[in-house]
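One structure below.
Coordinate-derived values only; no laboratory data. Remember, predicted model here, so these are calculated numbers, not experimental data. Cβ placement follows ideal geometry from the backbone for every residue including glycine, while neighbour counts extend to all protein chains displayed.
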Amino acid sequence: MKALILAAGFGIRLREVIHGRPKHLANVNGKPFLQHVIELLHKHNISDIVIAVGYLSERIVAEFGDGAPLGVSINYSVDDRPLGTAGTIKHAEKYFTQDFLVINGDTYIDIDFQALLQFHKKNQAEVTIVATSKFHGKGGSIQVKGNRVTAFSNTGVGTSKFENAGVYIFSPSALKRINKYERVSLENNLFPKMITAGRPIFAFKVDKPYIDIGTPQHLQEAIKKLPPK
Amino acid sequence: MNTAKTRIKNQIKSSIQAYEKMLTHCVDSIEQAGLALVETYYKDGGTVFTFGNGGSAADAQHIADELMCMLRNDHTYESRFPLSAHALTTDSSVLTAIANDLGYDYVFSRQIEALAQPKDLVIGISTSGNSENVIKALEIAKQRGVKSIGMTGRDGGKIAKHQLADILINIPAQDVGIIQQGHVLAFHSMCDIMEEILFSDKGLRTSSSA
């Protein structure tokens, strides 16, 4: 299975601590946060990686190159402007012909990615979302019925028991609903559109919290929780 | 004898005519310039350096202010962070030292040589297209692989003739005042599309994104 890491965003809330550098390169225990994510994938036998880069793309490409020193192969999908999470995945479409893993470049959750893929295939889902019952407050909440996702909200937990952990399996067909170069977000545009159209979005439920570096406070927590040097 | 009001009206009419001509002559180049701003800031976090003489010096400073502060201050955008920009017309010590020791023609080129890197962008403004210090600065930018925008008027002068700028915004007018008004309109438009592309929820369709 190939993986797409989303690392194109501005990282507005982290600007005060990583001034002038991409947030994905924030130093966490002696290495860039993104390297922790790459090493996590490698640990789960995922070594064919595409990184979607945008803001300060040159710095991320310069940092990881072809990935050889980390034992993986890295290609880059370069956005020339903000496209939103869904737009960024669409822009990387040419790299994927089969179901692929999508993982936010600013979040980290150690789960069985191969089991996630099997779950996706078994359900014949178009998108599978990793849904955690341990709320962390970044990903937006998910309403589910059984394993089927029925609604999203970025505003508070509400009655939902699950939060989006920022890890997905996508079937390439899901991207047909997005126009090229359109600025689209997953939670606000693509997923609600798919639900309305009755497309199969499934939730892969886990009870692990995820780690993220979205805010200075979360970055400090990540430094405590991620592997030391 | 002409009345003052007639002169004012004529001035306004001439401005309207120049803006009308800009609709056919300048839209492509202003779009390219806006996209160059986007590229400079988005790809590698570059700085924009601006320069010109007299009224064009004021315009150079005006551009730097739009970039560092913001064009839209009505909170249209959730997170419009400051962008790196520097007008080369403001440090009197540097300007007088270079003018005194090397000559006035070098007041901008010397600073470009010191400050600009390939990831940056320079904007040189000359209503005639013939200001020697603006020409020298654009030349050094080209030698160093720094992308450039030239803002000129009339026939674009030497800047147009020798293609000294990667992107040329030439205002189709003869009068200096009207050319300068065209420059202000052009850089406001550049900043407007840059902010819309980088900071709005919806983005913007442009020629390069089909």
Point to revise | Inter-label distance, nm, simple model (7 Å from Cα along the C-beta direction), B:Ser79/B:Glu113 | key: 4.1 nm
Review point. Counting only complete DSSP H runs, which helices of chain B cover 27 Å or more along their long axis at the Cα atoms and score a mean Kyte-Doolittle of -1.0 or above?
Key: B:4-25, B:176-199
Check your understanding: Where the convex hull is taken over the Cα atoms of the stretch B:79-187, what is its projected area averaged over directions, in nm²?
Key -> 7.7 nm²
Point to revise | Relative contact order of the stretch B:56-210, pairs being alpha-carbon contacts under 8 Å that are 6 or more residues apart, as % | key: 20 percent
**Study point:** Efficiency of FRET between A:Thr97 and B:Val94 - r from beta-carbon atoms, R0 60 angstrom, step 0.05
**Key:** 0.60
Study note, to complete from the structure: Check: in chain B the Lys pairs 8 or more apart or on separate chains whose Cα atoms fall under 23 Å apart number 19
Check your understanding: By the gyration tensor of its Cα atoms, with a ≥ b ≥ c the square roots of the eigenvalues, what is the shape of the protein assembly as shown: rounded for a/c under 1.5, prolate for a/b over b/c, or oblate?
Key -> prolate
**Study point:** GluC sites (Glu not before Pro) lying in DSSP loop within the stretch B:49-118, provided at most 14 other Cβ fall within 10 Å
**Key:** B:Glu78
Check your understanding: Efficiency by 1/(1 + (r/R0)^6): what FRET value for A:Ala151 and B:His62, r their Cβ-Cβ distance, R0 = 45 Å, to the nearest 0.05?
Key -> 0.40
Practice item. Give me the compactness ratio for the stretch A:67-147, meaning the Cα radius of gyration over 2.2 N^0.38 Å. Key: 1.27
**Study point:** Taking chain A and dividing mean pair separation by its residue count, relative contact order in percent (alpha carbons under 8 Å, at least six apart)
**Key:** 25 percent
Review point. Rounded if a/c is under 1.5, else prolate if a/b is larger than b/c, else oblate: which is chain B, with a ≥ b ≥ c the root eigenvalues of its Cα gyration tensor?
Key: oblate
Check your understanding: Looking only at A:Ala151, A:Ala203, A:Ala52, which one moves most when chain A is put into a Gaussian network model with springs between Cα atoms under 10 Å?
Key -> A:Ala151
Check your understanding: Charges only on Cβ, +1 for Lys and Arg, -1 for Asp and Glu: so what's the dipole of the protein assembly as shown about the Cα centre, in debye to the nearest 20?
Key -> 1280 debye
Revision key, fill the gap. Ranking B:Gln111, B:His162, B:Gly129 by how far each Cα lies towards the positive end of the charge dipole of the stretch B:97-165 (+1 on Lys and Arg Cβ, -1 on Asp and Glu Cβ), the top one is B:His162
Practice item. Report, in order of residue number, the helices in chain A meeting two criteria: a C-alpha extent of 20 Å or more along the helix axis, and a mean Kyte-Doolittle hydropathy of at least 1.0; treat each whole DSSP H run as one helix. Key: none
Revision key, fill the gap. Candidates A:Val72, A:Val37, A:Val127; GNM for chain A (alpha-carbon contacts under 10 Å) flags as most fluctuating A:Val72
Exercise for review: For each of B:His183, A:His19, count neighbouring Cβ atoms within 10 Å of the residue's Cβ, then give the residues from fewest to most.
Suggested key: A:His19, B:His183
Review point. What percent does the relative contact order of the stretch A:2-94 come to when contacts are Cα pairs within less than 8 Å and at least six residues apart?
Key: 33 percent
Review point. What does the charge dipole of the stretch B:52-201 about its Cα centre add up to, to the nearest 20 debye, if the Cβ of each Lys and Arg holds +1 and the Cβ of each Asp and Glu holds -1?
Key: 520 debye
Check your understanding: Which entries in the list A:Lys94/A:Lys193; A:Lys31/A:Lys121; A:Lys122/A:Lys225 go over 25 Å, if you measure between the two C-alpha atoms of each?
Key -> A:Lys31/A:Lys121; A:Lys122/A:Lys225
Revision key, fill the gap. Projecting the Cα atoms of B:Gly55, B:Ala87, A:Ala197 onto the charge dipole of the protein assembly as shown, where Lys and Arg contribute +1 and Asp and Glu -1 at Cβ, the residue farthest towards the positive end is A:Ala197
Review point. Between B:Ile16 and B:Arg72, what FRET efficiency follows from the Cβ-Cβ distance if R0 is 25 Å, with the result rounded to 0.05?
Key: 0.50
Check your understanding: For A:Ser173 and A:Thr196 in one chain, what is 0.36 nm times their gap in residues minus the Cα-Cα distance, to one decimal in nm?
Key -> 6.7 nm
Check your understanding: Using the Cα gyration tensor of the stretch B:1-66, with a ≥ b ≥ c the square roots of its eigenvalues, what is the shape: rounded (a/c below 1.5), prolate (a/b larger than b/c) or oblate (neither)?
Key -> oblate
Revision key, fill the gap. Per GNM of chain B with C-alpha springs under 10 angstrom, the most fluctuating residue out of B:Thr90, B:Thr127, B:Thr40 is B:Thr90
